[in-house]
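> My questions all concern the structure below.
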Amino acid sequence: MVGFATITFLGASHAVDHPAFEDTEGRVRCDNYSAQRQAFFGATHLHTGLSFDASIRFVSVSSGNNPRGAYQFAKGESSITLPGSTGIQGIPADLRQPMIDRPLDWGAVTDHSEHFAEMGICKNFLGPEARGRRSLECRMINGHGYMPQNNLSNLLARTLASNAFTQLTMWGLGPISRMTRTPLCESKPSECVQAELAVWDEIQSAARDEYDTSSECSFTTFVAYENTSTPLGSNWHRNVIFRNDRVVNQPITAIDMAVSLNPSPLVGGLKGAGVAPSFIGDFVPANDPDVYPVPAGSLVTHPLPNRLWNRLQRECLDNENTTPGDATRCDVITIPHNTNLGGAVGLVPALFYDPFNTADAELRAKFEPLVEIYQDKGSSECRWDPRFKSGTETSDEFCNFEILDSASLTSASGVGGGDEGSETAPEDFDSRSYVRNIWKDGLELADTQFNGVNPFKMGVVAGSDSHTGVMGWHPENEDWPGHLGIDDLFPVSRPSTIQNSSGGHGVAWAEENSRDSIFEALKRKETYGTSGTRPIVRFFGGWDFPRKMCNTDFVETGYRDGVPMGGDLPARPSGAKPRFVVAAWMDDFIGTPLEQIQIIKGWVDKNGKTQERVYRLAGDPGNPNHPERGMFPQSCELKPGGHEQLCKTWEDPHFRPEERAFYYVRVLEKPVCRYSTHWCRERIGVNPLDPKNCQADLDILADSSNPLEKLRASHGAECCSNQEGFPYVQPVIQERAWTSPIWYTPE
Amino acid sequence: MLVLGGLLFGAVLAWNGGLPLERQVIEIPRSQVAAVVDVFRQEQGRSPDTGELRELIDTLVDQEILFQYALELGLQEDPTAQRRLALIAQFVAANPHESIPQAEGARRAEELGLHQSDVVFRRILADGARRLIRAVVLTRQPTHEMLETYRLQHAEEFMRLGTSRITQVMVNALAHGEQSEQLAKQLMLRIEAEQIAPADAIALGDAVFIPGVLPPLSNKDLERRFGTRFVAALQAVAEDSWAGPLRSRYGYHVVFVHERRAPQLPPLAEIEEKIRRQLLHEAADDWLDFRLQQLRARYDIVIPEIPSS
């Protein structure tokens, strides 16, 4: 007889009268409701042809690459159209018309709000007779009328896009840099407002129409946008995600965040030779708390993030300026991303600057419960560079994953000649370019400056940031079409393109697939991120967990006696040490086994110094410096080994009750070939796993008398990149998941 | 296709009753056609073909008709339109710094004929006319019968996924490791031999992570709970019988499939709001097309000859 433990299941599975979350929508409950919560895979960051920087790269709204198209793609209902030549160079037509490999659960389209007005005018939201329709801005946004599939070389397309990007953002003057509008909207403000509202309305309509409000709950959408504040090119970008259909009447954009708006660039400036144009504006005086964090001496047109949060408070949370909607109230969060491109630059503070005071710290903590730890433009967890054998405040060699060579957003995007980079020493990156360091600093700031308020107590999601509408699709193979439209048509051709990864998922542990349930999971940080695969990860912390939980129903115990990922350990019983249970199950659709699970602890020691330590809990040690040894180099096949599931109950052996700390989990899968390796092997014909012959094979193609082979060499010019030179590319990577931390705060 | 909006709401006759007796002329200037063709070329990288050119010109004609119709309806008295007229009057005033009351400014602009040429004013009016026409439909409430007909005609669109209702008895791989499959096989043999009912069998397994009794769930929901392999294997299991062990991400399961439900069209009550919204918008679009055709009949329309490429 088989005698197994029998434990009563916690909670109902359907017919829920009183859900575990606030019901702001009044909708029917889902058939898939589960009180023990489920892992819903989603997307918090995705652009479509409605983003100006996608449109200039020939991603076309009218082809269906728009919010509706992205949601339908994510649901597996339809393919989506990407720009580019097909049928040559081994690029089959279906690569530019992809279907998702398996449907997603939820998502938010986050197009750039600063150019909604221009997009509305140029994409005919006001009809073809709109006055601004013939403006230079529209010519750029519409690719000057070129059609890449007919008559445009990839180089020319990239050049057009790069020039348009520079002019539409205008470092120093433009809408995402110095908080002025483009000349089109300076000269036609009412038309621009009308166009902006039309685009915002379409984003809401798409989210409404594609949201499954039946009890089937097959897909959930969120009304959202990206606030694209970019002072002097530094990444201060945030996705703004609303809980339900009650949202602000007009997006609060980077333009609204200026300390004071620039005077119009259309006035002044022509006051005679030698007279400076008046639109430069004033300078921030010293010690002015009202303009914190903008440093003294900066132009007053710098953005002030508090203006975003304060207006979201007033307009959304206080319900002073919302759409009618059906929901009972408005709620919102902001999710910053790419801290790896948001370190301090010149006068511009880091994206995670020190708050000015406790109220400021509370404001940030309130609106930003999450941070994006990984996306197409690299990992923001931490940085270890094997070329320098050093890290940015870390010696964790597993931090060598998807690191970018540049801290500059423009270089990472390949605009303005941004490909001419070089490797940068880890010490030259601002420590707050990486989330782990930001978490550590948050502990210290809570201790030393803000009366116990930790301004950086964030959970994590991973995202995509793809500008191609491919919501929730992150294939690590030769089907990956790049993330920047025509720029990435050949994603292995340039340093800025090959360094882009294929992005990842945000995962919410929620009771059901509805807006209220998912949104509350995001707010309480019961989330994790993945680099594109879909492993399941559970993580609970408590004080009196049993020493061995893995063979029991630790989910029930975890919720009952402890906290899940994203939570705060409850008050510490006298003499107790924190105990955690971590379990991970591999993605059985992809089938890559797990290698190991780790807990990473950060704390502030008795001397006030921040510290970190990585503990391997279960699985195999791996080889962070040579993941390629886990592969068969001629076939990209995995070597045997690994685990379908791993679990461990763990007690912190170095716990000190007086030290603030956080603990998060990192799950590493066995090494696999990166998408770029598959691309180079399948589409270019060279093997990055064979470094001795790779470059020679590429040279043979380049020297060929066959023009198509020459082109192929050009399209695969960066194929032989690896972790030893510039650009930094790991031909073999370890896909992974990162959980939100569990925090410990001394009494 | 019949005009849904008109037929549904019996509005055709009412609107026909407003036709004027005197015919008017609408002339589309060559420059306007050239401008939209230019925009098309910019967007598409080629010239429009004959059909596309016809559509572009039709759009211009519709805009002009809506504008003229809005003037007939007096929409120029709308505050937004008045503000615009006053603003353009200010542009051409002898003294641009002179403070002119809005009504006076609007009157001057109309006297100068500026309202005919200002594209913003024209758009405000045309949009107003379009909204008014569509509102005739959007403000109505479709009958139950109309909603039901729409539901049946668009069944594919509203179809719900198929579901399976199962009971599962689990052997947790985290607890039993390599023994899991063997234990699951023993479990299966015992359940079959002793003909244990599903409700009683659950207690024989590991009650972890997933309840033994599950509500009807789609394959997507089952995949989320069990993984891909489990759902693939479940497809082969016959209804009203035990099967297994089936492998999931958590271990092995002995499964009883109570019932499978094919994809089905939900009853109207469950999707009424969605259908109402969709139906009204479609009907409003149809009604607008119909009204534009009606209005066209009032005009002699003069279109310049333009080569198609």
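The values are calculated or read from the model by the stated rules, or taken from the named source; none is laboratory data. In this text the structure is predicted, and so the values were computed from the model without any measurement. All Cβ positions, glycine included, derive from the backbone under ideal geometry; neighbour counts span all protein chains shown.
> Just to be sure, is A:Asp201 surrounded by 16 or more Cβ atoms within 10 Å (Cβ to Cβ), modelled with pLDDT of 90 or more, among the acidic types (Asp, Glu) and closer than 23 Å to A:Leu46 by Cβ? Explain how you work it out, then say what you get.
Values: surrounded by 16 or more Cβ atoms within 10 Å (Cβ to Cβ): no; modelled with pLDDT of 90 or more: yes; among the acidic types (Asp, Glu): yes; closer than 23 Å to A:Leu46 by Cβ: yes.
Criteria not met by A:Asp201.
> Among the residues in segment A:224-243, are any within 14 Å of chain B (Cβ to nearest Cβ), in contact (Cβ under 8 Å) with a residue 60 or more places away in the chain and either closer than 18 Å to A:Glu315 by Cβ or polar (S, T, N, Q) (or both)?
To start, the set of residues in segment A:224-243 that are within 14 Å of chain B (Cβ to nearest Cβ) comprises none.
The answer is no, given that none of the residues of segment A:224-243 is within 14 Å of chain B (Cβ to nearest Cβ), in contact (Cβ under 8 Å) with a residue 60 or more places away in the chain and either closer than 18 Å to A:Glu315 by Cβ or polar (S, T, N, Q) (or both).
> Which residue is surrounded by the fewest Cβ atoms within 10 Å (Cβ to Cβ), if the candidates are limited to segment A:703-741 and must be assigned to a helix (DSSP H, G or I) and not aliphatic (A, V, I, L, M)? Please lay out each step first, then the result.
Our first condition is that a residue be assigned to a helix (DSSP H, G or I); within segment A:703-741, this holds for A:707-715.
With the extra rule that they be not aliphatic (A, V, I, L, M), the set shrinks to A:707, A:709-710, A:712, A:714-715.
Numbers: A:Pro707: 8, A:Glu709: 16, A:Lys710: 14, A:Arg712: 23, A:Ser714: 17, A:His715: 25.
Taking the candidates together, the pick is A:Pro707.
> Additional query: Specify the residue that is farthest from the chain's Cα centre (by Cα); the eligible residues are those in segment B:149-165 that are within 12 Å of another protein chain (Cβ to nearest Cβ) and not small (Gly, Ala, Ser).
B:Arg165
> For segment A:612-648, how many residues are of a type in the set (D, E, K, R), within 26 Å of A:Arg547 (Cα to Cα) and touching a residue at least 40 places away in the same chain (Cβ under 8 Å)? Write out each step before concluding.
Taking segment A:612-648 and keeping what is of a type in the set (D, E, K, R), we get A:612-613, A:616, A:620, A:628-629, A:637, A:639, A:644, A:648.
Those left that are additionally within 26 Å of A:Arg547 (Cα to Cα): A:612-613, A:616, A:620, A:644, A:648.
Among the residues that remain, those that are also touching a residue at least 40 places away in the same chain (Cβ under 8 Å) are: A:612-613, A:644, A:648.
Adding up the residues that qualify gives 4.
Conditions (1) at pLDDT 90 or above; (2) surrounded by 15 or more Cβ atoms within 10 Å (Cβ to Cβ); (3) touching a Leu at 6+ places or on another chain (Cβ under 7 Å); (4) within 14 Å of chain A (Cβ to nearest Cβ), marked per residue:
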| site | (1), (2), (3), (4) |
| --- | --- |
| B:Arg229 | yes, yes, no, yes |
| B:Glu239 | yes, no, no, no |
| B:Trp242 | yes, yes, no, no |
| B:Leu246 | yes, yes, yes, yes |
| B:Leu268 | yes, yes, yes, yes |
| B:Tyr299 | no, yes, no, no |
| B:Ser309 | no, no, no, no |
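> Conditions first: (1) assigned to a loop (DSSP other than H, G, I, E, B); (2) surrounded by fewer than 16 Cβ atoms within 10 Å (Cβ to Cβ). A:Asp290 passes all but one, so which condition is the exception?
Tallying (1) assigned to a loop (DSSP other than H, G, I, E, B); (2) surrounded by fewer than 16 Cβ atoms within 10 Å (Cβ to Cβ), A:Asp290 fails exactly one: (1).
> Also: Is one or more of the residues making up segment B:138-148 within 9 Å of chain A (Cβ to nearest Cβ) and surrounded by 15 or more Cβ atoms within 10 Å (Cβ to Cβ)? Break it down into steps so the answer makes sense when it comes.
Keep residues of segment B:138-148 that are within 9 Å of chain A (Cβ to nearest Cβ), which gives none.
For segment B:138-148, residues within 9 Å of chain A (Cβ to nearest Cβ) and surrounded by 15 or more Cβ atoms within 10 Å (Cβ to Cβ): absent.
> Can I ask one more? Select from segment B:45-94 the residues that are assigned to a helix (DSSP H, G or I), touching a residue at least 40 places away in the same chain (Cβ under 8 Å) and of a type in the set (Ser, Thr, Tyr) and list them in ascending order.
Result: B:Thr50, B:Tyr69, B:Thr80.
> Pick out the one residue from B:Glu273, B:Glu282, B:Glu305 that is acidic (Asp, Glu), assigned to a loop (DSSP other than H, G, I, E, B) and surrounded by fewer than 18 Cβ atoms within 10 Å (Cβ to Cβ).
Details: B:Glu273 fails: assigned to a loop (DSSP other than H, G, I, E, B); B:Glu282 fails: assigned to a loop (DSSP other than H, G, I, E, B).
Result: B:Glu305 is the single residue among B:Glu273, B:Glu282, B:Glu305 that is acidic (Asp, Glu), assigned to a loop (DSSP other than H, G, I, E, B) and surrounded by fewer than 18 Cβ atoms within 10 Å (Cβ to Cβ).
> Regarding segment A:227-238, can at least one residue be identified that is touching a strand residue (DSSP E or B) at 6+ places or on another chain (Cβ under 9 Å) and farther than 26 Å from A:Ser406 by Cβ?
No.
> Answer yes if at least one residue in segment B:110-123 is away from every other protein chain (no Cβ under 14 Å), outside any helix (DSSP H, G or I) and either under 30 Å from B:Ala236 (Cβ atoms) or not charged (D, E, K, R) (or both), and no otherwise.
Taking every residue of segment B:110-123 in turn, at least one turns out to be away from every other protein chain (no Cβ under 14 Å), outside any helix (DSSP H, G or I) and either under 30 Å from B:Ala236 (Cβ atoms) or not charged (D, E, K, R) (or both).
> Which condition does A:Ile733 not pass, out of (1) touching a strand residue (DSSP E or B) at 6+ places or on another chain (Cβ under 7 Å); (2) over 15 Å from A:Thr677 (Cβ atoms), if it passes all the others?
For A:Ile733, the failing item is (2).
> Of the numbered conditions (1) surrounded by 18 or more Cβ atoms within 10 Å (Cβ to Cβ); (2) within 28 Å of the chain's Cα centre (by Cα); (3) farther than 30 Å from A:Asn451 by Cβ, A:Tyr615 fails exactly one; give the number of that condition.
Every listed condition holds for A:Tyr615 apart from (1).
> I'm trying to understand the selection: among the residues of segment B:180-201, which are more than 8 Å from every other protein chain (Cβ to nearest Cβ) and within 29 Å of A:Arg37 (Cβ to Cβ)?
Of all residues in segment B:180-201, those more than 8 Å from every other protein chain (Cβ to nearest Cβ) come to B:180-182, B:184-185, B:188-189, B:191-201.
Matches in segment B:180-201: B:Ser180, B:Glu181, B:Ala184, B:Pro198, B:Ala199, B:Asp200, B:Ala201.
> If you take the residues in segment A:546-593 that are of a type in the set (A, V, I, L, M) and in a strand (DSSP E or B), which one is farthest from the other protein chains (Cβ to nearest Cβ)? Break it down into steps so the answer makes sense when it comes.
If we filter segment A:546-593 for residues that are of a type in the set (A, V, I, L, M), which is where we start, we get A:549, A:555, A:563, A:565, A:569, A:571, A:576, A:581-584, A:586, A:590.
After this cut, where a residue has to be in a strand (DSSP E or B) as well, the list is A:563, A:581-584.
Working: A:Val563: 18, A:Val581: 11, A:Val582: 11, A:Ala583: 7, A:Ala584: 10 Å.
Checking each candidate, the answer is A:Val563.
> For segment B:139-190, give me every one of the helices (runs of 4 or more DSSP H) that falls completely inside it and has 2 or more residues that are on the phi < 0 side of the Ramachandran plot and among the small types (Gly, Ala, Ser). Don't jump to the end; show me each part of the working.
Details: elements: B:144-153, B:155-158, B:173-176.
Ranges flagged: B:173-176.
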